[in-house]
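Take a look at the structure set out below.
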Amino acid sequence: MPRNAFTAASSSPMSRRLFLTTTGALSLGAALTACGGGDSSGSSGSAAPVSKADIDKAMKTPTELTFWTWVPNIAKEIALFEKKYPAVKVKVVNAGQGTPQYTKLRTALKAGSGAPDMVQMEYQAIPTFTITDSLLDLRPYGAAELKDRFVDWTWGQVSGAKGEVWAIPQDTGPMGLLYREDIFDKHGIDVPGTWDEFAEAARKLHKADPDVYLTNLAANQPAAWHGLLWQAGAKPYATSGKSDITISVDDAVSRKLGAYWGGLAKEGVISVDPDFTDGWYAGLNKGKYATWITAAWGPAFLSGSAKATAGKWRAAPLPQWDAAKPNAGNWGGSTTAVIRSTKNPVAAAVFAQFLNSDPATAKMFATEQFFFPATKALLTDQEFVSDAPSFYGGQKVNQVFADISATVDPSFQWPPFLDQAATDWTETVGKSLADKSDTVAALGTWQSRMTTYAKNQGFTVKGS
């Protein structure tokens, strides 16, 4: 599975009571002010800037930092940091990818010991940890000065309502379409520019060849659904004040999405196979799916997972709901955050900033780990955007996704209980897709379940 996908929670949902106990004596009001996207000043909101002299002194003091990350072969990037700051050593621990790591982190925070100094954290997970005041605001350590180096929407994902900087972006997943050019050519299908054209192509293709589907919308993948909501202009979550949250997963935009995809699933002209399974990999290799609605990490992932189809794929932006207003969502990407309990906040903050903003390390992530960049410099770097892999017939795929990244809506927010949102989606909307039942009705059930959950955790809930 790619590192940039969240799936339904594998552990039991975390209650508000557990939220609050993870940081000991943190009050309800203090915790709620830290909600991502809301009034999230937290106790670090008014911290004074650390002077350059104090930063220099800290970076010359022998220090060992612990960094939890699932990024493979990250030793090369860390070596560049340690070369610049030889007094600081970084111990890397792989505590799991995504949910397993977050579960261990919550356990360590609750125990008051064992938490790392820095941690790999996906964008969508940030509000879950700001609500417990578990992340360090990086502004006092100079992080705000990095804003212009990063794509605007990524900075919005790591920022609080009062300007807090909760993490430093590392990579991204703007969504696009990978398609089989040979299948399109065989059946006279043009690359669809709108979702209406996509639906007509789906019907045409499956009628011509019942063994082939235009795409697969995985019924087990809430991350992709959220990305499609993002692209459609939906605002499923918004927090404000100390304890208010608006949940709108059943509004007009969401219903339009539900009717569209639920309708295609009912017609049987798209497949709904679980993704990242043996059957799904086989489908990619055997031509069962003529497209993959994916993200910017998808091209590298696909080239290693569907080698039998080399040279047959191409990339394009997603079809649009309004062709005159191109818009994209994001699926995946992560950051480096600093845990508030660190005993070495200066060194940890400098590490998070260096790792993701230094030109050499940022480029290394793109060329060694094949992450899609979050920095503006790399997205306009000619060597990067001109790469023309043979797997995609010599197409400049990075340029396609770099252009898409510029159209991602910067205002999208995540809830402070993402695990629950993902679980509820899988058991309602995802199930409706798999069962080919009423997806619009399932959205109402998802809305109801999430509203009940949020109220039980102490939120005042506004609905769509």
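From the phi angles alone, apply the Karplus equation (6.51, -1.76, 1.60; θ = phi - 60°) to the range 387-394 and give each ³J(HN,Hα) in whole Hz, x where the residue is Gly or Pro.
Values, residue by residue: 4, 10, x, 5, 4, 10, x, x Hz.
What whole-number value in Å² describes the accessible area per residue of the chain for a 1.4 Å probe? Can you show the working numbers first?
On the way: 17470 Å² over 464 residues.
Result: 38 Å² per residue.
Please name whichever of Gly193, Val400, Ala95 sits farthest to the positive end of the charge dipole of the chain, dipole taken about the Cα centre and charges placed at Cβ: Lys and Arg +1, Asp and Glu -1.
Ala95
Students often forget the sequence filter, so: which lysines lie under 17 Å Cα-Cα from Lys462 once same-chain residues fewer than 8 apart are removed?
Lys235, Lys242
How big is the accessible area of Lys84 in square angstrom, nearest 10, if you roll a 1.4 angstrom probe over the protein chains?
120
May I ask you to give the percent of accessible area on the chain that is carbon plus sulfur, with a probe radius of 1.4 Å?
After summing per-atom areas, the C and S share lands at 53 percent.
Under 13 Å Cα-Cα from Lys436, which aspartates and glutamates qualify once same-chain neighbours fewer than 8 residues away are excluded?
In chain and number order, the partners are Glu267, Asp273.
Strictly over 21 Å apart at the Cα level, which of Lys76/Lys110; Lys266/Lys288; Lys286/Lys307; Lys60/Lys162; Lys83/Lys376 would you flag in this model?
Listed pairs above 21 Å: Lys76/Lys110; Lys60/Lys162; Lys83/Lys376.
Under a cut-off of 16 Å between alpha-carbon atoms, report the aspartates and glutamates in cross-link reach of Lys89, not counting same-chain residues fewer than 8 places apart.
Counting by Cα, and skipping residues close in sequence, Lys89 has these aspartates and glutamates nearby: Asp56, Glu64, Glu77, Asp117.
With the dipole of the chain worked out from charges on the C-beta (+1 for Lys and Arg, -1 for Asp and Glu) around the Cα centre, which of Val119, Thr380, Phe391 lies farthest toward the positive end?
Final value for the positive-end residue is Val119.
Heads up, I need the accessible area for Leu433: 1.4 angstrom probe, whole protein in place, Å², nearest 10.
Approximately 0 Å² for this residue.
For the range 230-322, give the magnitude of the charge dipole about the Cα centre (Cβ charges: +1 Lys/Arg, -1 Asp/Glu; no others), in debye to the nearest 20.
300
What FRET efficiency, computed as 1/(1 + (r/R0)^6) with R0 = 41 Å and r the Cβ-Cβ distance, is obtained for Lys455 and Ser305, rounded to the nearest 0.05?
So the FRET efficiency works out to roughly 0.45.
Given charges of +1 on the Cβ of Lys and Arg and -1 on the Cβ of Asp and Glu, with all other atoms neutral, how large is the dipole of the chain about its Cα centre, in debye to the nearest 20?
It comes to approximately 960 debye.
Calculate the dipole size of the range 340-387 relative to its Cα centre from +1 charges on Lys and Arg beta carbons and -1 charges on Asp and Glu beta carbons; express the result in debye to the nearest 20.
400
The values are calculated or read from the model by the stated rules, or taken from the named source; none is laboratory data. Predicted, not measured: the structure shown is a model, and the values here were computed from it. Reconstructed Cβ throughout: ideal geometry from the backbone, glycine too, with neighbour counts over all protein chains shown. We work out accessible area using only protein heavy atoms, side chains counted, and drop any ligands, DNA or RNA first. Shrake-Rupley method; radii C 1.70, N 1.55, O 1.52, S 1.80 Å.
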